[in-house]
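J.: Have a look at this one before I ask anything.
The values are calculated or read from the model by the stated rules, or taken from the named source; none is laboratory data. Source: prediction; values computed, not measured. Glycine gets a Cβ as well: all are built from the backbone with ideal geometry, and neighbour counts include every protein chain shown. Keep in mind that these areas ignore ligands, DNA and RNA; they rest on the heavy atoms of the full protein, side chains included. Shrake-Rupley method; radii C 1.70, N 1.55, O 1.52, S 1.80 Å.
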Amino acid sequence: MGLNTTQLKTKADLKGDHYLINGAKVWISSAQVAEKMLILARTTPLEEVKSPKHGLSLFYTTLDRKHIEVREIEKMGRKAVDSNQFFIDNLRVPIEDRIGEEGKGFEYILDGMNPERILVAAEAIGLGRIALKKATAYAKERIVFNRVIGKNQGIQHPLAKNWIELEAAHLLMMSAAWQYDNNMNCGASANAAKYLAAEAGFHACEQAIMTHGGFGYAKEYHVERYLREVLIPRIAPVSPQLVLSYVAERVLGLPKSY
Ligand SMILES: Cc1cc2nc3c(=O)[nH]c(=O)nc-3n(C[C@H](O)[C@H](O)[C@H](O)COP(=O)(O)OP(=O)(O)OC[C@H]3O[C@@H](n4cnc5c(N)ncnc54)[C@H](O)[C@@H]3O)c2cc1C
């Protein structure tokens, strides 16, 4: 969906008892195997709405490959989940496949964004923790200069820092989850948890490679794969830059910067 969601170009034109959807999407996960899809499309042109957040509608409908060309994107990690480009040509969608009211789709999808950020935070923390576990085990067994490398502060301090960062991220993630479960506005905590967890996870994965030395670059030790995987929670579903802009505006009250 990208970052500038309200400017999406995919449109759904109402034709009596159905919509016709046309457009293109990128980075669509699991489209090689999915039979159904959740899709956000513009139903009222931008120039006819007061706010760009209006005039977008959400549909849950069949992924009809007669009208949708799905092209897989080759990528550096997450081979278990396919990512795709999507080209939609006159896809007929029955009116009953629209979720809720026409034009309120952005509002509905926003409700799903905070739990997604919290889930992605948990994913990044999990990746960071397994990387830290592997690095610590290696640091306890690898002997260089007649002592285990983990005896060196240059090895143990960064790992200790990784543990502290991951613990802090976990607490923020759990706080955001608790706020969501208690119907509180958790936007700031969910975004902050995603940011902190993804950065902490990335630092731990990077440090795990460095702790392994040359073997950090070997597939056999898996830590290189964790680094490739943890870049996804850093980039998606919202980038670190946009999280910082959100916190600056919504928490600190600074002017909107994008
Ligand atoms: C593996 C993978 C799976 C994905 N799966 C899905 C999916 O299933 N469904 C889906 O809808 N999306 C999916 N995405 C898309 C993902 O949500 C977007 O990649 C992410 O939101 C970033 O948007 P973008 O790639 O369009 O970056 P862009 O908007 O092109 O931004 C590029 C860079 O510019 C920076 N930038 C842009 N504007 C500003 C600004 N004003 N200030 C500072 N920096 C700025 C961004 O932070 C980013 O670093 C997936 C992405 C990946 C990598």
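J.: Could you name the lysines whose alpha carbon sits less than 19 Å from that of Lys134, not counting residues in the same chain fewer than 8 places away?
T.: Lys151, Lys161, Lys219
J.: Dipole of the stretch 112-251, Cα-centred, from +1 at each Lys and Arg C-beta and -1 at each Asp and Glu C-beta, to the nearest 20 debye?
T.: Here the stretch 112-251 has a charge dipole of around 480 debye.
J.: When only DSSP loop residues count, what trypsin sites (Lys or Arg not before Pro) in the stretch 177-258 have their Cβ near at most 13 other Cβ atoms within 10 Å? If you can, show how the numbers build up before the last one.
T.: On the way: sites: Lys194, Lys219, Arg225, Arg228, Arg234, Arg250, Lys256; in loops: Lys256.
Loop-located and lightly packed - Lys256.
J.: Give me the percent relative contact order of the stretch 1-66, please, defined on Cα pairs under 8 angstrom at least 6 residues apart.
T.: Values: 83 pairs, mean separation 20.6, N = 66.
Once divided by the residue count of the stretch 1-66, the mean separation gives 31 percent.
J.: Same structure, new question: Per residue, what accessible area does the chain have, given a 1.4 Å probe and all protein chains present, in Å²?
T.: Result: 57 Å² per residue.
J.: Considering only DSSP beta bridges where both residues belong to the stretch 1-141, give the percentage that are antiparallel (nearest 5).
T.: Given both bridge residues lie in the stretch 1-141, the antiparallel proportion sits at roughly 95 percent.
J.: Let me ask you something else. Loop-only GluC sites (Glu not before Pro) in the stretch 47-114, please: DSSP not H, G, I, E or B, and at most 13 other Cβ atoms within 10 Å.
T.: Glu74, Glu101
J.: Share of the stretch 1-133's accessible area from carbon and sulfur, percent, 1.4 Å?
T.: Details: 4110 of 7530 Å².
On the stretch 1-133, the fraction of accessible area on carbon and sulfur atoms equals 55 percent.
J.: Let me ask something else. Under 19 Å from a point 7 Å along the Cα-to-Cβ line of Ile95: which residues of the stretch 13-49 have their amide N that close?
T.: Counting only backbone N, you get 13-22, 41-45.
J.: Right, here's the next one. How big is the chain along each principal axis, measuring the range of its Cα positions in Å and listing the largest first?
T.: Cα extents, longest axis first: 79, 44, 30 Å.
J.: Are there any trypsin sites (Lys or Arg not before Pro) in the stretch 68-169 that are in a DSSP loop and have at most 16 other Cβ atoms within 10 Å? List them by number.
T.: Lys75, Arg78, Lys79, Arg142
J.: Per residue of the chain, what 222 nm ellipticity follows from adding -39500 (n - 2.57) for every DSSP H run with n ≥ 4, rounded to the nearest 500?
T.: -16000 deg cm²/dmol
J.: State the answer as a single residue: which of Ala80, Leu46, Ile95 lies farthest towards the positive end of the charge dipole of the stretch 6-106, with beta carbon charges of +1 for Lys and Arg and -1 for Asp and Glu, about the Cα centre.
T.: Ala80
J.: Give the Cα extents of the stretch 101-190 along the principal axes, in whole Å, largest first.
T.: Ordered largest first, the stretch 101-190 gives principal extents of 70, 20, 16 Å.
J.: For each pair in Lys9/Lys79; Lys36/Lys66; Lys36/Lys75; Lys140/Lys194; Lys9/Lys104, compute the distance between the two Cα atoms and list the pairs where it is over 25 Å. Working shown, then result.
T.: Details: Lys9/Lys79 28 Å; Lys36/Lys66 14 Å; Lys36/Lys75 23 Å; Lys140/Lys194 31 Å; Lys9/Lys104 16 Å.
With Cα atoms farther than 25 Å apart: Lys9/Lys79; Lys140/Lys194.
J.: Need one value: the accessible area of Trp178 in square angstrom, 1.4 angstrom probe, rounded to the nearest 10.
T.: Solvent-accessible area, nearest 10 Å²: 150 Å².
J.: Let me ask something else about it. So which aspartates and glutamates can Lys15 reach, going by Cα to Cα under 20 Å and dropping same-chain residues fewer than 8 places off?
T.: Partners within reach: Glu48, Asp64, Asp89, Glu96, Asp97, Glu101, Glu102.
J.: Another question, if that's okay. Show me the helices of the chain, taken as full DSSP H stretches, that run 27 Å or more along their long axis by Cα and average -1.0 or above in Kyte-Doolittle hydropathy. Each step should come with its number before you reach the end.
T.: Numbers: long enough: 105-141 (54 Å, 0.18); 153-181 (41 Å, -0.13); 187-212 (38 Å, 0.15).
Once both thresholds are applied, what remains is 105-141, 153-181, 187-212.
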